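The values are calculated or read from the model by the stated rules, or taken from the named source; none is laboratory data. Since the structure is predicted, the reported quantities are computational estimates derived from the model, not experimental observations. Note that each Cβ is placed from the backbone with ideal geometry, even for glycine, and that neighbours are counted across all protein chains shown. For the accessible areas, the whole protein counts, side chains as well, though only heavy atoms, and no ligand, DNA or RNA atoms are used. Shrake-Rupley method; radii C 1.70, N 1.55, O 1.52, S 1.80 Å.
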Amino acid sequence: MKLQQLRYIWEIAQHELNVSATADSLYTSQPGISKQVRMLEAELGVLIFARNGKHLTEITEAGKQIVAIAGEILGKTQDIRNIAQDHKDNKAGTIAIATTHTQARYALPSVVREFMGHYPRVKLNLHQGTPTQIAELASHGLVDMAIATETVDHFENLVLLPCYEWNRCILVPKGHPLIELASISLPDVAQYPIVTYVFGFTGRSQLDRAFEKLGIHPQVVLTAVDADVIKTYVRLGLGVGIVARMAYDPIVDDDLVPIDAEHLFGRSVTKICLRRDMFIRSFIYDFIRIFAPHLTQDLISQALALRERHEVEELFKPITLPVR
């Protein structure tokens, strides 16, 4: 069994069983990957992937367990490299972050700019995906952290560190009837078609719960992971947009009018997700401090030492989070 073989089966699983896409991502050949997977299956005496001819169709039950452990092993090997590199040179290396489009587009640019000014020899790898995908990458140690609002509770080895609270706004074109209302309500909003985030992204579940609580079934006509796409279709008159307040730029979006929606949906909390048993390089602590100044190294260490999620929540209760 080779570490390379474990990486191949893990990456195949992440690329939805597409061996060609896996080969492209690893800068190697498709036949080479297929050969190594066959060799691993022969050594283990079980199939990891079911096949229809040359095509992989699903991961077998045994394969699911093997792939999961392969991910853990790959994460530990990265920890070993990080420990060695931090002792050799704590000003150089790589930081890998998995996040959603909203964080990558609106929350991280200023943080990355400041961080790279302090650490010009650190390479940043930014991975975008669904909350489940990015949490899985963090859980298996394939990225250093995940940053998202929607969290996935079944990844028990992830510690969730609250960073900041944020509000939503309703975006409408100039002259829209909603602008004239002194106080907007959910029934007011539900009178119009809605353009908003895909379920599972950027606090969408909290938005849905607000409507459900009042027994309202809004007409969601278009969903997207990208706030810029949502704004485009609002401009086209497809409906009113519901986006993170941070996604509205008063200069770029001066043709749209933002209407505060905090009283309708409440605030959401963006969190950093760290693997409980990971080795954290010194410059990663600095990145987190720039992103969320209240997350000191000492506080992070306390959170990582706690075993229960409710204990972590209690630790952060006295802290007032900034609002964006």
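Table for the structure above
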quantity	calculated
Extension gain from LEU44 to TYR285, taking 0.36 nm per residue of separation minus the Cα-Cα distance	82.8 nm
DSSP-loop GluC sites (Glu not before Pro) across region 251-324, with at most 12 other Cβ within 10 angstrom	GLU308
Electrostatic dipole magnitude of the chain [Cβ: Lys, Arg +1; Asp, Glu -1; Cα centre; debye, to 20]	760
Debye intensity ratio I(q)/I(0), log10, region 170-324, q values 0.15 Å⁻¹ (C-alpha model)	-0.88
Kirkwood hydrodynamic radius over Cα pairs of region 126-219, then Stokes diffusion coefficient at 25 °C and 0.890 mPa s, in µm²/s	155
Helix 109-118 axis, angle to the chain major axis (alpha carbon atoms, nearest 10°)	50
Under the Debye formula (equal points on every Cα, no solvent term), log10 I(q)/I(0) of region 72-141 at q = 0.21, 0.28 Å⁻¹	-1.01, -1.18
Of all accessible heavy-atom area on region 197-250, the percent that carbon and sulfur account for (1.4 Å)	56
Radius of gyration and maximum dimension Dmax of region 233-293, Cα, Å	17.8, 50
C-alpha long axis of helix 282-291 to longest principal axis of the chain, angle in °	10
Rg to Rh, two decimals, where the chain supplies the alpha carbon set and Rh follows Kirkwood	1.02
CD proxy at 222 nm, helix term only [per DSSP H run n ≥ 4: -39500 (n - 2.57); per residue of the chain; nearest 500]	-12500 deg cm²/dmol
Within region 1-83, GluC sites (Glu not before Pro) in DSSP loop having at most 16 other beta-carbon neighbours inside 10 Å	GLU16
Rg over Rh, two decimals, region 108-156 (C-alpha only, Kirkwood Rh)	1.04
Cα centroid separation, region 15-70 to region 248-324 (Å)	37
Mean accessible surface per residue for the chain, computed with a 1.4 Å probe while every protein chain stays in place, in Å²	49
Considering only the chain, percent of DSSP beta bridges that pair antiparallel, nearest 5	60
Degrees, to the nearest 10: 204-213 long Cα axis against longest axis of the chain	50
Listed pairs LYS271/LYS317; LYS54/LYS76; LYS35/LYS64; LYS123/LYS231 exceeding 22 Å between Cα atoms	LYS54/LYS76; LYS123/LYS231
